[in-house]
1. Give the relative contact order (percent, whole number) for segment 326-408; include only Cα pairs under 8 Å separated by 6+ residues.
2. Under the rule that an exposed site lies in a DSSP loop and has at most 12 other Cβ atoms within 10 Å, name the longest stretch of the chain with no chymotrypsin sites (Phe, Trp or Tyr not before Pro) of that kind, not counting the sites themselves.
3. With a 1.4 Å probe and all protein chains in place, put Met193, Met76, Met214 in order of accessible area, largest first.
4. Quote the charge dipole size of segment 307-428 about the Cα centre in Debye, to the nearest 20; the model charges only the Cβ of Lys and Arg (+1) and of Asp and Glu (-1).
5. Could you work out which residue, out of Ala205, Ala132, Ala357, moves most in a Gaussian network model of the chain, that is, has the largest mean-square fluctuation with Cα springs under 10 Å?
6. What percent do you get for the relative contact order of the chain when only Cα pairs under 8 Å and 6+ apart count?
7. Please work out the FRET efficiency for the pair Thr179 and Asn97, using the Cβ-Cβ distance as r and a Förster radius of 60 Å; give the result to the nearest 0.05.
8. In deg cm²/dmol, rounded to 500, what helix-only [θ] at 222 nm does the chain give when every DSSP H run of at least 4 residues adds -39500 (n - 2.57) and the total is split over its residues?
Amino acid sequence: MFKETAHRFKATAPCLWQNTLFKQLRLGATHDGSCVLGQRHFNVCCMLNAKIQPRRKTRVKVEIPGLECITYADRMHFVPGLAKPSFPVWKRDWKDNSHYYSPKLEEMPLHKEKQCFIFNQSTNPLEGVRQALWLTKSKLTKGLPDQVLSLVNKKAIQMKNMDDRVQNAIRHARFWDTTEEEPSKGQYCGTLMRNLLHLCGTLQASHPGLGRRMLAEKYSLAATWSRGDELFQVRGQNGLLLNSMAPLPVVAGKEEVQNTAEHILETFYPIAPTIDLQCVQVYKELSHTGFHDDYPYPHAHTLFILGAGDAFVNLPPEQLRAKMIMFAFGNALARAHTLHGTNAGVLEEPIVVQSVATNGQMFQFVVFQLNTTDLQPDEGIKNLVWVDEDQLLYDTALIRPVLRKKVVQIPAGLSGYKPETFQKFLSLYLHGAV
(Lines give C-alpha, C1' and ligand atoms only; values in the text may rest on other atoms or scores of the structure.)
Protein backbone atom coordinates (compact mmCIF):
# COMPACT_ATOMS: atom_id res chain seq x y z
CA MET A 1 0.00 0.00 0.00
CA PHE A 2 2.74 2.44 0.95
CA LYS A 3 4.82 1.59 -2.14
CA GLU A 4 1.89 2.33 -4.49
CA THR A 5 1.26 5.69 -2.72
CA ALA A 6 4.93 6.65 -3.09
CA HIS A 7 4.94 5.85 -6.81
CA ARG A 8 1.77 7.89 -7.39
CA PHE A 9 3.20 10.86 -5.50
CA LYS A 10 6.38 10.80 -7.59
CA ALA A 11 4.32 10.68 -10.78
CA THR A 12 2.16 13.68 -9.84
CA ALA A 13 4.99 15.77 -8.32
CA PRO A 14 6.00 17.58 -11.57
CA CYS A 15 2.39 18.60 -12.17
CA LEU A 16 2.08 19.92 -8.63
CA TRP A 17 5.30 21.89 -9.08
CA GLN A 18 4.14 23.46 -12.35
CA ASN A 19 0.72 24.45 -10.92
CA THR A 20 2.30 25.93 -7.81
CA LEU A 21 4.91 27.84 -9.82
CA PHE A 22 2.28 29.36 -12.17
CA LYS A 23 0.18 30.45 -9.18
CA GLN A 24 3.19 32.15 -7.59
CA LEU A 25 4.07 33.85 -10.87
CA ARG A 26 0.51 35.06 -11.28
CA LEU A 27 0.33 36.41 -7.73
CA GLY A 28 3.80 37.91 -7.60
CA ALA A 29 4.01 39.45 -11.06
CA THR A 30 3.30 43.18 -11.39
CA HIS A 31 1.57 45.06 -14.21
CA ASP A 32 4.87 45.96 -15.88
CA GLY A 33 6.03 42.33 -15.95
CA SER A 34 8.86 42.53 -13.37
CA CYS A 35 10.53 39.33 -12.11
CA VAL A 36 9.44 37.34 -9.08
CA LEU A 37 11.38 37.50 -5.79
CA GLY A 38 12.68 34.29 -4.25
CA GLN A 39 10.14 32.36 -2.17
CA ARG A 40 10.35 28.98 -0.42
CA HIS A 41 8.10 26.15 -1.66
CA PHE A 42 7.48 22.97 0.36
CA ASN A 43 7.39 20.57 -2.58
CA VAL A 44 9.84 18.74 -4.81
CA CYS A 45 11.99 21.84 -5.45
CA CYS A 46 13.40 23.37 -2.24
CA MET A 47 13.26 27.07 -3.21
CA LEU A 48 13.01 29.58 -6.05
CA ASN A 49 15.79 32.16 -5.89
CA ALA A 50 16.19 35.54 -7.48
CA LYS A 51 19.32 36.41 -9.40
CA ILE A 52 22.31 37.19 -7.22
CA GLN A 53 23.51 40.73 -7.70
CA PRO A 54 27.15 40.97 -8.82
CA ARG A 55 29.69 42.47 -6.46
CA ARG A 56 30.57 46.08 -6.89
CA LYS A 57 33.96 46.69 -8.36
CA THR A 58 36.21 49.01 -6.43
CA ARG A 59 36.81 52.23 -8.31
CA VAL A 60 40.40 53.03 -9.07
CA LYS A 61 41.29 56.69 -8.79
CA VAL A 62 43.05 57.88 -11.91
CA GLU A 63 45.42 60.81 -11.49
CA ILE A 64 46.32 62.63 -14.70
CA PRO A 65 49.39 64.82 -14.35
CA GLY A 66 48.71 68.49 -15.10
CA LEU A 67 44.95 68.25 -14.44
CA GLU A 68 43.27 69.28 -11.21
CA CYS A 69 40.50 67.06 -9.85
CA ILE A 70 37.37 69.12 -9.16
CA THR A 71 35.41 67.91 -6.15
CA TYR A 72 32.33 69.04 -4.26
CA ALA A 73 34.28 69.69 -1.05
CA ASP A 74 33.60 73.46 -1.12
CA ARG A 75 29.87 73.01 -1.57
CA MET A 76 29.59 70.68 1.46
CA HIS A 77 27.09 68.37 -0.27
CA PHE A 78 26.98 65.83 -3.05
CA VAL A 79 26.96 67.24 -6.58
CA PRO A 80 26.48 64.93 -9.59
CA GLY A 81 29.38 65.02 -11.98
CA LEU A 82 31.94 66.17 -9.42
CA ALA A 83 34.49 63.88 -7.85
CA LYS A 84 34.23 62.68 -4.26
CA PRO A 85 36.69 64.56 -2.05
CA SER A 86 39.26 62.81 0.14
CA PHE A 87 40.07 64.43 3.46
CA PRO A 88 43.09 63.78 5.69
CA VAL A 89 42.62 61.64 8.79
CA TRP A 90 41.58 63.76 11.73
CA LYS A 91 43.83 63.10 14.73
CA ARG A 92 42.37 63.90 18.10
CA ASP A 93 44.34 65.76 20.74
CA TRP A 94 43.02 63.38 23.43
CA LYS A 95 42.91 59.63 23.91
CA ASP A 96 39.66 58.12 22.65
CA ASN A 97 39.51 54.34 23.06
CA SER A 98 36.41 54.02 20.89
CA HIS A 99 38.29 55.49 17.90
CA TYR A 100 41.70 53.89 18.45
CA TYR A 101 43.55 52.49 15.45
CA SER A 102 46.42 50.16 16.22
CA PRO A 103 49.65 50.96 14.40
CA LYS A 104 51.28 48.44 12.10
CA LEU A 105 53.51 45.82 13.66
CA GLU A 106 56.58 47.31 12.02
CA GLU A 107 55.81 50.71 13.55
CA MET A 108 55.39 49.49 17.15
CA PRO A 109 58.24 50.46 19.52
CA LEU A 110 58.69 46.86 20.78
CA HIS A 111 58.88 45.32 17.32
CA LYS A 112 61.97 43.19 16.71
CA GLU A 113 63.22 41.27 13.71
CA LYS A 114 63.98 38.13 15.74
CA GLN A 115 60.97 35.97 16.56
CA CYS A 116 60.10 34.97 20.10
CA PHE A 117 58.17 31.79 21.02
CA ILE A 118 55.87 32.18 24.02
CA PHE A 119 54.50 29.48 26.32
CA ASN A 120 51.41 30.77 28.13
CA GLN A 121 48.63 29.25 30.24
CA SER A 122 46.57 28.16 27.21
CA THR A 123 49.43 26.51 25.27
CA ASN A 124 48.72 22.91 24.28
CA PRO A 125 52.12 21.45 23.27
CA LEU A 126 51.94 18.51 20.92
CA GLU A 127 54.80 16.50 22.42
CA GLY A 128 53.85 17.21 26.02
CA VAL A 129 56.49 16.41 28.62
CA ARG A 130 59.19 15.59 26.04
CA GLN A 131 58.83 19.04 24.53
CA ALA A 132 58.95 20.69 27.97
CA LEU A 133 62.13 18.76 28.83
CA TRP A 134 63.86 19.99 25.69
CA LEU A 135 62.77 23.58 26.21
CA THR A 136 63.99 23.62 29.83
CA LYS A 137 67.11 21.47 29.19
CA SER A 138 66.06 19.00 31.87
CA LYS A 139 66.45 15.35 32.84
CA LEU A 140 63.31 13.45 33.86
CA THR A 141 63.01 11.12 36.86
CA LYS A 142 59.83 9.15 37.51
CA GLY A 143 58.34 9.47 40.99
CA LEU A 144 58.95 11.97 43.77
CA PRO A 145 62.36 12.64 45.37
CA ASP A 146 63.43 10.68 48.44
CA GLN A 147 63.33 13.82 50.61
CA VAL A 148 59.62 14.19 49.89
CA LEU A 149 58.76 10.49 50.12
CA SER A 150 60.43 10.29 53.53
CA LEU A 151 57.74 12.63 54.89
CA VAL A 152 54.82 10.47 53.72
CA ASN A 153 54.82 7.95 56.56
CA LYS A 154 56.04 10.23 59.32
CA LYS A 155 53.76 10.30 62.34
CA ALA A 156 54.72 13.91 63.04
CA ILE A 157 52.80 15.13 60.00
CA GLN A 158 49.69 13.04 60.61
CA MET A 159 46.63 15.02 61.65
CA LYS A 160 43.80 13.72 63.82
CA ASN A 161 41.06 11.93 61.86
CA MET A 162 42.87 12.79 58.64
CA ASP A 163 41.03 10.37 56.36
CA ASP A 164 37.59 11.44 57.59
CA ARG A 165 38.41 15.13 57.19
CA VAL A 166 39.77 14.64 53.68
CA GLN A 167 36.68 12.66 52.64
CA ASN A 168 34.43 15.39 54.04
CA ALA A 169 36.43 17.93 52.02
CA ILE A 170 35.79 15.86 48.89
CA ARG A 171 32.08 15.55 49.67
CA HIS A 172 31.85 19.31 50.26
CA ALA A 173 33.38 19.99 46.84
CA ARG A 174 31.37 17.35 44.95
CA PHE A 175 27.96 17.41 46.68
CA TRP A 176 27.41 20.22 49.19
CA ASP A 177 28.93 23.35 47.65
CA THR A 178 26.09 24.12 45.23
CA THR A 179 22.40 24.94 45.03
CA GLU A 180 22.05 23.06 41.76
CA GLU A 181 21.65 19.34 41.28
CA GLU A 182 25.43 18.93 41.07
CA PRO A 183 28.36 21.39 40.75
CA SER A 184 30.23 21.83 37.51
CA LYS A 185 33.70 20.40 37.04
CA GLY A 186 35.29 23.82 37.12
CA GLN A 187 33.57 24.63 40.40
CA TYR A 188 34.37 21.50 42.39
CA CYS A 189 37.95 21.43 41.06
CA GLY A 190 38.77 24.81 42.63
CA THR A 191 36.77 24.07 45.78
CA LEU A 192 38.59 20.78 46.36
CA MET A 193 42.01 22.41 45.96
CA ARG A 194 41.20 25.13 48.50
CA ASN A 195 39.70 22.62 50.93
CA LEU A 196 42.86 20.51 50.87
CA LEU A 197 45.05 23.59 51.32
CA HIS A 198 42.92 24.59 54.31
CA LEU A 199 43.39 21.14 55.86
CA CYS A 200 47.15 21.36 55.39
CA GLY A 201 47.18 24.82 56.97
CA THR A 202 45.67 23.46 60.19
CA LEU A 203 49.08 21.94 61.03
CA GLN A 204 50.56 25.38 61.64
CA ALA A 205 50.31 24.92 65.42
CA SER A 206 52.70 21.92 65.32
CA HIS A 207 54.83 23.32 62.47
CA PRO A 208 55.36 27.10 62.96
CA GLY A 209 57.26 27.35 59.67
CA LEU A 210 53.93 27.19 57.83
CA GLY A 211 53.13 30.66 59.13
CA ARG A 212 55.97 32.10 57.05
CA ARG A 213 54.11 31.46 53.80
CA MET A 214 51.51 33.26 51.70
CA LEU A 215 49.20 32.25 48.86
CA ALA A 216 49.14 34.52 45.81
CA GLU A 217 46.55 34.48 43.04
CA LYS A 218 46.45 36.11 39.60
CA TYR A 219 50.08 37.14 39.55
CA SER A 220 51.82 37.58 36.19
CA LEU A 221 55.07 35.74 35.50
CA ALA A 222 57.64 36.54 32.81
CA ALA A 223 60.85 34.60 32.12
CA THR A 224 63.04 34.86 29.01
CA TRP A 225 65.84 32.57 27.86
CA SER A 226 67.63 31.42 24.70
CA ARG A 227 67.61 27.81 23.58
CA GLY A 228 69.68 27.02 20.53
CA ASP A 229 69.14 29.79 18.00
CA GLU A 230 65.66 30.70 19.23
CA LEU A 231 64.32 32.97 21.96
CA PHE A 232 61.65 31.69 24.36
CA GLN A 233 59.41 33.16 27.03
CA VAL A 234 57.10 31.80 29.73
CA ARG A 235 54.58 34.39 30.81
CA GLY A 236 51.04 34.89 32.00
CA GLN A 237 48.85 34.00 34.96
CA ASN A 238 49.05 30.38 36.08
CA GLY A 239 47.03 29.57 39.18
CA LEU A 240 47.77 29.74 42.91
CA LEU A 241 51.35 30.23 44.05
CA LEU A 242 52.47 29.41 47.58
CA ASN A 243 55.34 31.75 48.45
CA SER A 244 57.73 31.42 51.35
CA MET A 245 60.20 33.57 53.24
CA ALA A 246 62.86 30.86 52.89
CA PRO A 247 63.70 28.84 49.76
CA LEU A 248 63.07 25.12 49.47
CA PRO A 249 66.03 22.86 50.36
CA VAL A 250 68.04 21.40 47.50
CA VAL A 251 66.75 17.98 46.45
CA ALA A 252 69.69 16.63 44.41
CA GLY A 253 73.27 16.79 45.63
CA LYS A 254 76.31 18.09 43.76
CA GLU A 255 77.34 14.64 42.52
CA GLU A 256 73.93 13.97 41.02
CA VAL A 257 73.97 17.41 39.40
CA GLN A 258 77.41 16.78 37.89
CA ASN A 259 76.26 13.44 36.49
CA THR A 260 73.55 15.18 34.46
CA ALA A 261 76.26 16.44 32.07
CA GLU A 262 76.39 12.95 30.53
CA HIS A 263 72.63 12.88 29.88
CA ILE A 264 71.60 13.27 26.22
CA LEU A 265 68.43 15.25 25.63
CA GLU A 266 65.70 13.47 23.68
CA THR A 267 64.64 15.04 20.40
CA PHE A 268 61.47 14.47 18.39
CA TYR A 269 62.65 15.12 14.84
CA PRO A 270 61.06 15.92 12.34
CA ILE A 271 58.71 17.81 14.68
CA ALA A 272 60.09 21.21 15.63
CA PRO A 273 60.43 21.92 19.38
CA THR A 274 58.62 25.23 18.81
CA ILE A 275 55.41 23.56 17.66
CA ASP A 276 52.20 24.96 19.21
CA LEU A 277 54.06 27.87 20.82
CA GLN A 278 52.88 31.41 20.10
CA CYS A 279 55.24 33.15 17.68
CA VAL A 280 55.45 36.94 18.06
CA GLN A 281 57.70 39.75 16.92
CA VAL A 282 56.36 42.42 19.28
CA TYR A 283 57.66 41.58 22.73
CA LYS A 284 59.87 42.74 25.56
CA GLU A 285 62.76 40.68 26.90
CA LEU A 286 61.77 40.59 30.54
CA SER A 287 62.32 38.28 33.50
CA HIS A 288 60.13 39.13 36.47
CA THR A 289 58.62 37.05 39.26
CA GLY A 290 55.42 39.12 39.33
CA PHE A 291 56.11 40.62 42.77
CA HIS A 292 57.82 43.79 44.01
CA ASP A 293 61.38 43.63 45.23
CA ASP A 294 60.36 44.32 48.82
CA TYR A 295 57.76 41.52 48.91
CA PRO A 296 58.31 39.65 52.21
CA TYR A 297 57.66 36.22 50.60
CA PRO A 298 60.02 36.26 47.59
CA HIS A 299 60.65 32.51 47.16
CA ALA A 300 58.25 30.38 45.11
CA HIS A 301 57.38 27.20 47.01
CA THR A 302 54.55 25.32 45.24
CA LEU A 303 52.44 26.19 42.23
CA PHE A 304 48.86 24.87 42.28
CA ILE A 305 47.23 24.56 38.86
CA LEU A 306 43.60 23.72 38.15
CA GLY A 307 43.30 21.29 35.28
CA ALA A 308 39.60 22.01 34.70
CA GLY A 309 37.34 25.03 34.77
CA ASP A 310 38.47 28.48 35.79
CA ALA A 311 39.47 30.78 32.92
CA PHE A 312 42.05 28.41 31.47
CA VAL A 313 41.95 25.77 28.78
CA ASN A 314 41.20 22.18 29.80
CA LEU A 315 44.33 20.23 28.84
CA PRO A 316 44.93 16.47 28.57
CA PRO A 317 47.07 14.96 31.37
CA GLU A 318 50.25 14.83 29.26
CA GLN A 319 49.97 18.48 28.22
CA LEU A 320 48.99 19.47 31.77
CA ARG A 321 52.22 17.97 33.11
CA ALA A 322 54.16 19.89 30.46
CA LYS A 323 52.47 23.10 31.62
CA MET A 324 53.43 22.33 35.22
CA ILE A 325 57.08 21.83 34.25
CA MET A 326 57.21 25.01 32.18
CA PHE A 327 55.70 27.29 34.81
CA ALA A 328 57.71 25.75 37.65
CA PHE A 329 60.81 26.34 35.51
CA GLY A 330 59.64 29.89 34.75
CA ASN A 331 59.28 30.75 38.44
CA ALA A 332 62.71 29.30 39.23
CA LEU A 333 64.39 31.03 36.26
CA ALA A 334 62.85 34.42 37.06
CA ARG A 335 64.09 34.10 40.66
CA ALA A 336 67.58 33.12 39.46
CA HIS A 337 67.75 36.12 37.13
CA THR A 338 66.68 38.39 40.00
CA LEU A 339 69.36 37.03 42.34
CA HIS A 340 72.29 36.31 40.00
CA GLY A 341 71.57 38.08 36.72
CA THR A 342 70.96 36.62 33.29
CA ASN A 343 74.50 35.22 32.78
CA ALA A 344 74.88 33.26 36.01
CA GLY A 345 75.57 29.86 34.40
CA VAL A 346 75.73 26.91 36.80
CA LEU A 347 74.18 27.89 40.13
CA GLU A 348 76.03 27.23 43.37
CA GLU A 349 72.72 26.95 45.19
CA PRO A 350 70.07 25.40 42.90
CA ILE A 351 66.50 26.70 43.06
CA VAL A 352 63.68 24.21 43.73
CA VAL A 353 60.02 24.84 42.84
CA GLN A 354 57.16 22.35 43.22
CA SER A 355 53.91 22.08 41.28
CA VAL A 356 50.59 20.31 41.91
CA ALA A 357 47.72 20.05 39.43
CA THR A 358 44.32 18.39 39.61
CA ASN A 359 41.15 18.01 37.57
CA GLY A 360 39.06 17.40 40.70
CA GLN A 361 39.83 13.68 40.89
CA MET A 362 43.31 12.94 39.55
CA PHE A 363 46.48 14.65 40.81
CA GLN A 364 49.81 15.36 39.14
CA PHE A 365 52.96 16.15 41.15
CA VAL A 366 56.13 17.82 39.83
CA VAL A 367 59.35 18.88 41.55
CA PHE A 368 61.74 21.03 39.49
CA GLN A 369 65.34 21.87 40.41
CA LEU A 370 67.06 24.62 38.41
CA ASN A 371 70.79 23.86 38.29
CA THR A 372 71.90 26.17 35.46
CA THR A 373 70.72 29.20 33.52
CA ASP A 374 73.00 28.41 30.57
CA LEU A 375 70.28 26.87 28.44
CA GLN A 376 71.47 27.66 24.92
CA PRO A 377 73.68 24.59 24.20
CA ASP A 378 72.61 20.96 24.59
CA GLU A 379 75.83 20.05 26.39
CA GLY A 380 76.72 20.71 30.00
CA ILE A 381 74.81 20.57 33.27
CA LYS A 382 71.10 19.80 32.97
CA ASN A 383 68.19 20.72 35.19
CA LEU A 384 66.28 18.00 37.07
CA VAL A 385 62.57 17.16 37.04
CA TRP A 386 60.66 14.62 39.15
CA VAL A 387 57.15 13.72 37.96
CA ASP A 388 54.59 11.58 39.77
CA GLU A 389 51.64 11.24 37.40
CA ASP A 390 47.99 10.16 37.42
CA GLN A 391 47.43 9.76 41.16
CA LEU A 392 43.72 9.22 41.91
CA LEU A 393 42.36 10.72 45.12
CA TYR A 394 39.11 8.70 44.82
CA ASP A 395 37.41 6.48 42.28
CA THR A 396 33.88 7.86 42.01
CA ALA A 397 31.66 10.51 43.58
CA LEU A 398 28.09 10.06 42.33
CA ILE A 399 24.78 11.62 43.32
CA ARG A 400 22.79 8.67 41.96
CA PRO A 401 23.93 5.03 41.88
CA VAL A 402 24.72 3.28 38.61
CA LEU A 403 22.23 0.43 38.09
CA ARG A 404 22.47 -2.41 35.61
CA LYS A 405 19.70 -5.00 35.47
CA LYS A 406 18.36 -3.68 38.78
CA VAL A 407 21.71 -4.36 40.45
CA VAL A 408 23.81 -1.53 41.91
CA GLN A 409 27.12 -1.50 40.06
CA ILE A 410 28.53 1.74 41.53
CA PRO A 411 26.98 3.06 44.76
CA ALA A 412 26.00 6.68 45.28
CA GLY A 413 28.29 8.93 47.28
CA LEU A 414 32.07 8.83 47.63
CA SER A 415 33.82 5.52 47.00
CA GLY A 416 37.38 4.34 46.44
CA TYR A 417 39.17 6.95 48.57
CA LYS A 418 42.98 6.62 48.35
CA PRO A 419 44.75 8.17 51.35
CA GLU A 420 48.26 7.84 49.89
CA THR A 421 47.50 10.56 47.31
CA PHE A 422 46.66 13.11 49.99
CA GLN A 423 49.75 12.07 51.95
CA LYS A 424 51.88 13.00 48.93
CA PHE A 425 49.99 16.28 48.66
CA LEU A 426 50.63 16.97 52.36
CA SER A 427 54.31 16.02 52.06
CA LEU A 428 54.86 18.52 49.26
CA TYR A 429 53.06 21.18 51.29
CA LEU A 430 55.17 20.52 54.40
CA HIS A 431 58.45 20.22 52.47
CA GLY A 432 60.80 22.82 53.85
CA ALA A 433 58.88 23.35 57.09
CA VAL A 434 59.45 19.96 58.82
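1. 26 percent
2. Segment 102-434 is the longest.
3. Met76, Met214, Met193
4. With Lys and Arg at +1 and Asp and Glu at -1, about 940 debye.
5. Comparing Ala205, Ala132, Ala357 in a Gaussian network model of the chain, the most mobile one is Ala205.
6. RCO, the chain: 20 percent.
7. According to the calculation, E is roughly 0.95.
8. -8000 deg cm²/dmol
The values are calculated or read from the model by the stated rules, or taken from the named source; none is laboratory data. Model, not experiment: these values are computed from the prediction. Here Cβ is always computed from backbone atoms with ideal geometry, including for glycine, and neighbour counts include all displayed protein chains. SASA here: full protein model, heavy atoms, side chains in, ligands and nucleic acids out. Shrake-Rupley method; radii C 1.70, N 1.55, O 1.52, S 1.80 Å.
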